Amino acid sequence: MTTMILLLMMMAITVAIKTKKYLHMLQQNLYNENNRYLKWVFKNGRLFFHLDLLCMLLLACDAMFFAYTTALFQMILALTAFLYASYDVIFYRYLKKDQQKKPLVITARVKRLLVTTTILYLIPVVCFFLFYGDLKATALCTFLFSLLLYGNAFVLLLANTINKYTVEKYVYHHFKKQAIQKLHGMSNLKVVGITGSYGKTSSKNILSDILNIKYIARPTPRNLNTPYGLIMTINNHLDKFDDILIAEMGAYKRGEIKELCDLIHPKYGILTRIGTAHLESFGSEENIQKTKFELIESLPLDGVGVLNKDDPKQVSYDLKNSCKILWIGIESKDVDVHASNIKCSSHGTKFDVTFKGDKKKYAFETKLLGDHNVYNILASLALGREFGISIEKLQQAVRLVKPVEHRLELKKLGNFYQIDDAYNSNPTGAASACKVLGMMPGVKVVVTPGMVELGEKEEEYNEIFGEQIASVADYVVLIGEKKTKPIEKGLLNKKFDMEKVVVYNDVRDAYTFLRGLKTKKDIYALFENDLPDTYNE
């Protein structure tokens, strides 16, 4: 029995290590909203073919076939304990070198999930001690424990499902009621909703920086753009002295933006670019378009919507709301706020702005890079004027706008400038990032694993991305040999010099490559969508 107790201890350590990994992935995949986590599990099926599978099979044989008094039984237990210990060491080393763009956050929800998971694992353990002394029964309990351990990813999913329909349902409605009551008590609060396929977080932060030149604006922190996130923002961050709440709104299917609007009732709405992000979960581009316009169609009659006239999906939409609409544009000139003479450099972007009814051009400059950030600024200027902020103050505010982390963020790292666009993963943003890189002097490098979550069109879009890279880059560093094949195809389409293409499976090798480039010119390296923690090969 001593050997079996030792085995249980090794298994308990394995439970802790595997649970941390899969819990991290469950959290990153929004607790399996729209089966995101389940899809990740099946895409990473290689994780199921390790030593814990062999351990489970050995314990199954031990429980069913071997005489429990024989030395062979004890020997198999000892061997299994050794294999679990080896697995723990291997898996721990894997976790140590695994890159985490967003680490696991131990929230109250995670703690509740851990409690439920622990209860599920305790079932065979309790049975083990209830039947302690009966070798046959305890061996069977140990096998059941190993079965749960092998299927750790699904045990967490089961625990998440149990919580979702019990404790989480109660917690959600409790805090939702609290948030609604708080909003009702702030009758003078202006609420702005921001949604779109791309640029929501950037637009939110830019609007916050600009409006804070005159008001106290409260943006939703980080990417808290779900009902849970908005409720948390209202209850934990919104202050009675705040003038404006800026709510980022995310969605993966029809009706989710409407649900958010029914919660916070925005009077103002900004629609960023509409594209193909999360096409796999939406099912069609038409569904994406209709879902994003749920924000504008939820505005009251005296509300104000800001739309982009350079976006065909916004211009072509049959809007079912007669609220005030402000149009912005760069290519389109017949708009309320128009930008021209856009120039990018290593210092940022300069451009001129014309407001409808005023023929004068006003010079603006920002530390941000790219046309898409100019669009975001234009939307903020449109609302800023609506809120009575002077043009002089708006110019000052735009100069002070802070770069958004990992979204075309320019940083000097040793011998090269990094254009960090790691949080971008869509065709429009990738094209814009390539355009920004093309404006830079010196040697240009693109580091990328390609774009993900684009459904059937993923390969097609990545091939186009490869063609766009070929038109601006001097060197290309691809991360992940298999998933970057479409990008290679796009590079070949444009007859790019493939001797200047390197492929790694670890993004950290790209830094070594960049440090090794010998040139007297400045090096600009665009890091486009890394996502290492979810999409490692």
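Which residue pairs have Cβ atoms closer than 8 Å, lie 6 or more positions apart in sequence or on different chains, and pair a first residue in region 287-309 that is within 10 Å of residue 321 (Cα to Cα) with a second residue that is of a type in the set (Asp, Glu) and modelled with pLDDT of 95 or more?
So the pair list comes out as 298/262.
Within region 205-231, track down each residue that is surrounded by 18 or more Cβ atoms within 10 Å (Cβ to Cβ), in contact with a Phe, Trp or Tyr (Cβ under 9 Å, 6 or more places away or on another chain) and either aliphatic (A, V, I, L, M) or at positive phi (or both).
Of everything in region 205-231, those that are surrounded by 18 or more Cβ atoms within 10 Å (Cβ to Cβ), in contact with a Phe, Trp or Tyr (Cβ under 9 Å, 6 or more places away or on another chain) and either aliphatic (A, V, I, L, M) or at positive phi (or both) turn out to be 211, 231.
Could we say that residue 345 is surrounded by fewer than 18 Cβ atoms within 10 Å (Cβ to Cβ) and assigned by TED's automatic domain parsing to the domain that holds residue 254 here?
It is true that residue 345 is surrounded by fewer than 18 Cβ atoms within 10 Å (Cβ to Cβ) and assigned by TED's automatic domain parsing to the domain that holds residue 254.
Out of everything in region 472-483 that is charged (D, E, K, R) and within 27 Å of the chain's Cα centre (by Cα), what residue ends up being surrounded by the most Cβ atoms within 10 Å (Cβ to Cβ)?
The qualifying residue surrounded by the most Cβ atoms within 10 Å (Cβ to Cβ) is 483.
Return the only residue of 119, 76 being modelled with pLDDT of 80 or more, more than 19 Å from the chain's Cα centre (by Cα) and surrounded by 13 or more Cβ atoms within 10 Å (Cβ to Cβ). Outline the logic, then answer.
Values: 119 fails: surrounded by 13 or more Cβ atoms within 10 Å (Cβ to Cβ).
Being modelled with pLDDT of 80 or more, more than 19 Å from the chain's Cα centre (by Cα) and surrounded by 13 or more Cβ atoms within 10 Å (Cβ to Cβ) holds for just one of 119, 76, which is 76.
Which residues, taken from region 380-408, are part of a helix (DSSP H, G or I), of a type in the set (S, T, N, Q) and more than 15 Å from residue 190 (Cα to Cα)?
395, 396
Give me a count of the residues in region 326-385 that are among the small types (Gly, Ala, Ser) and modelled with pLDDT under 95.
Adding up the residues that qualify gives 5.
Within region 175-248, considering only strands (runs of 3 or more DSSP E) that don't extend past its boundaries, which have at least 1 residues that are closer than 14 Å to residue 261 by Cβ?
Details: elements: 190-195, 217-219, 244-248.
Per the criteria, 190-195, 244-248.
Mind listing just one residue for me: the one in region 37-60 that is modelled with pLDDT of 85 or more and not hydrophobic (A, V, I, L, M, F, W, C) and, of those, farthest from the chain's Cα centre (by Cα)?
39
Does residue 322 satisfy the criteria of being outside the structural domain of residue 451 (by TED's automatic domain parsing), farther than 30 Å from residue 183 by Cα and not acidic (Asp, Glu)?
no
For region 409-428, name all the residues that are of a type in the set (A, V, I, L, M) and farther than 27 Å from residue 461 by Cβ.
The one that is of a type in the set (A, V, I, L, M) and farther than 27 Å from residue 461 by Cβ: 413.
With the requirement that a residue be at pLDDT below 90 and not in a helix (DSSP H, G or I), what does region 124-155 give you?
Passing the criteria: 131, 132, 133, 134.
Yes or no: residue 10 assigned by TED's automatic domain parsing to the domain that holds residue 157, under 18 Å from residue 143 (Cα atoms) and surrounded by 15 or more Cβ atoms within 10 Å (Cβ to Cβ)?
yes
Looking at the structure I just gave you, is residue 486 surrounded by fewer than 21 Cβ atoms within 10 Å (Cβ to Cβ), closer than 29 Å to residue 378 by Cβ and either touching a Lys or Arg at 6+ places or on another chain (Cβ under 6 Å) or at pLDDT 90 or above (or both)?
Answer is no for this residue.
The values are calculated or read from the model by the stated rules, or taken from the named source; none is laboratory data. The model shown is predicted, which means the values in this text are computed figures rather than measured ones. As a convention, Cβ positions derive from the backbone with ideal geometry for all residues, glycine included, and neighbour counts pool all protein chains shown.
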